[in-house]
Every structure is written in C-alpha cells, then in structure tokens.
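Q: Below you'll find the structure I mean.
The values are calculated or read from the model by the stated rules, or taken from the named source; none is laboratory data. Keep in mind it's a predicted model, so treat the numbers as computed, not measured. Heads up, the Cβs are rebuilt from the backbone with ideal geometry, glycines too, and the neighbour counts pull from every protein chain shown. The protein model used for the area step is the full one, side chains on, heavy atoms only, and it has no ligands, DNA or RNA in it. Shrake-Rupley method; radii C 1.70, N 1.55, O 1.52, S 1.80 Å.
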Amino acid sequence: DMEGGIWFSWWLKYAWLHHISPKFAPMIAFPFGVDYSQIPYSHIGTLFFRWLLIPTDEIIAHNLTLLFSFILSGLFMYWLAYLVTKSRHAALFSGIIYAFCPYHFNKAWEHFGLAQTQWLPLYVFTLLILKERPIFTNAVFTALAFTLVMNFDFNYPYIMFIFTIGFIVFILLYRWRDKLRIMHSELRKSSGRILKMMIVAMFFTLLINLSVLYPIFKKIFFIPKTGAIATQGYYVRSFS
C-alpha cells in the first residue's frame, strides 16, 4: 500500500501543478486509465497533504506525516491519560506506549492511513471534556476531533462510532437507579444536557463532513451494484 500511496501523492502534485483534474489518471491501465472521482478531494486530509506536497515532494510529505503521527499520538494520549489519572508520570508512560506500540510501527510500514492513530485519543479526550462540561463550544470541539478521525482513514470512524454508542449507553445507564428517583432529578438533567450536546456534536460532524459523506452514501444507495463500470463506457476485462 505504501508504494501505491506514494505514487498517488506524486500524481496529486503533478495534477495540481499542471492544472489538470486529479480525478482521472490516464497513466494507469493505459489507454483506459483509472477513475479517482470518488475520492473526496475537499476533505481535510487531502487539503493538508496538498499544502505539504507543493513545497516539498511525495517522499518528504509522506515521511513528515508519519513522523508527526508518532509525535501527536504520544501528545494526545498524554492529555487523555492525564485527564483520567491526574498523574503526569502515568500520562507520560501511556503516551510513550501508545505512540511507539508495535501496531503503530506496523501500520507506518504498511498502511499510511491506519498509521494516523493520533486523532483517536484526541477524540476520546474531547468526548470526556464534553461529558464534564456539556457546553456548545465543547460540542464543536468534539465534532472537529471526529472530523479529523474521519478525514485521514475510513476505518477508524467506524471504530469510534461504536465507541461513541457505548459511551452514550454508559451515560444513560450509569447510576440509573438514582436517576429514576425524584430527589436525583439534577442527575437526570445533567445526563440530558450531555446527550443534547452530543447530538449537537453529531450534527456539526455531519455538516462539516458533508463533502466526504455524500459520495459514500451516493455510492451505497444510488449507484447500481452490477454493471456500473459497463454503463459508464469503460472497457470491462473478463476474469480470465
């Protein structure tokens, strides 16, 4: 995957500098080419990589992004662990373990997108902050953090979505006996505020990532599952 990703980075820079659309690459499978139109070119990950590619090249941009993933993974896990433990030593130890774990090294060698693990602890950090202070500003920060998760790899948003569902269930069920009692109405109100702000965060996440999500939903619900390539006029190779 790494070599293909580096080639695609080269193609993006070549297309941008020569003022041609990167959505179709005629060099691959010539003369038929490859359609890249379904890639969301407006999302944050691509825009970030664009401004890193233009003054450098695909190798430097690739390596710098991987190096920053180690630094930011350690930093954001430090914040998260310190928020939970209030211990700087435990937070430092957690940051080192998370940043330099075997999984991270493996993905840094094999899969560029999955190596961007730094946004996961940042999102959980903002989620916990939103739970402690359910205000509009923190809801926006949570939406931005989830946007970063979504804009660098499509596997991690799926995992964080499941995590968020579990987090919401926890908020609803934690001390549920106390919440049912009238004397603990303030506890119910507090949970209600948290859930309202999480809904606000979800709304802003959908709003910010509309350009990323729309092609995915369009492909799932509106594009025919069979014969799609043939209907677009492309040459269809037989399996044999």
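Q: Can you find a residue that is over 24 Å from residue 2 (Cβ atoms) and either open to solvent by 70 Å² or more (accessible area, probe 1.4 Å) or not basic (Lys, Arg) (or both) anywhere in the range 43-51?
A: No; the residues of the range 43-51 include none that is over 24 Å from residue 2 (Cβ atoms) and either open to solvent by 70 Å² or more (accessible area, probe 1.4 Å) or not basic (Lys, Arg) (or both).
Q: Moving on to the next point. Could you identify the single residue in 139, 143 that is in a helix (DSSP H, G or I) and within 25 Å of residue 50 (Cβ to Cβ)?
A: None of the others qualify; the one that does is 143.
Q: Within the range 179-191, is even one residue modelled with pLDDT of 75 or more and either in a helix (DSSP H, G or I) or over 23 Å from the mean Cα position of the chain (by Cα) (or both)?
A: Let us first name the residues in the range 179-191 that are modelled with pLDDT of 75 or more, namely none.
No: zero hits.
Q: Go through the range 101-112 residue by residue and tally those that are loosely packed, with under 15 Cβ neighbours inside 10 Å and under 17 Å from residue 65 (Cβ atoms).
A: Adding up the residues that qualify gives 4.
Q: Here's a follow-up. If residue 23 passes every condition in (1) in contact with a Ser or Thr (Cβ under 7 Å, 6 or more places away or on another chain); (2) within 27 Å of residue 205 (Cβ to Cβ); (3) open to solvent by less than 70 Å² (accessible area, probe 1.4 Å) but one, which one does it miss?
A: Residue 23 satisfies every listed condition except (3).
Q: Next question. Could you say whether any residue in the range 99-113 is under 26 Å from residue 50 (Cβ atoms), touching a Lys or Arg at 6+ places or on another chain (Cβ under 9 Å) and in contact (Cβ under 8 Å) with a residue 24 or more places away in the chain?
A: Yes: one or more hits.
Q: Something else: Answer yes or no: is there a residue in the range 72-91 that is of a type in the set (D, E, K, R), surrounded by 15 or more Cβ atoms within 10 Å (Cβ to Cβ) and part of a helix (DSSP H, G or I). Step through it out loud before you land on a result.
A: Of the residues in the range 72-91, the ones of a type in the set (D, E, K, R) are 86, 88.
Those still in the list that are surrounded by 15 or more Cβ atoms within 10 Å (Cβ to Cβ) too: none.
No, there is no match, as no residue in the range 72-91 is of a type in the set (D, E, K, R), surrounded by 15 or more Cβ atoms within 10 Å (Cβ to Cβ) and part of a helix (DSSP H, G or I).
Q: Taking the condition β-branched (Val, Ile, Thr), farther than 20 Å from residue 208 by Cβ and assigned to a helix (DSSP H, G or I), does residue 129 pass? Walk me through it before giving the result.
A: Working: β-branched (Val, Ile, Thr): yes; farther than 20 Å from residue 208 by Cβ: no; assigned to a helix (DSSP H, G or I): yes.
Criteria not met by residue 129.
Q: What pairs can you find where one residue is in the range 70-95 and in contact (Cβ under 8 Å) with a residue 24 or more places away in the chain and of a type in the set (Ser, Thr, Tyr), the other is in a helix (DSSP H, G or I) and surrounded by 15 or more Cβ atoms within 10 Å (Cβ to Cβ), and their Cβ atoms are less than 8 Å apart, with a gap of 6+ or different chains?
A: The qualifying pairs are 73/95; 73/98; 73/99; 73/104; 73/121.
Q: Let me ask something else. I'm checking my understanding of the structure. Among residues of the range 135-172 that are open to solvent by 30 Å² or more (accessible area, probe 1.4 Å) and touching a residue at least 40 places away in the same chain (Cβ under 8 Å), which one is farthest from residue 192 (Cα to Cα)?
A: 152
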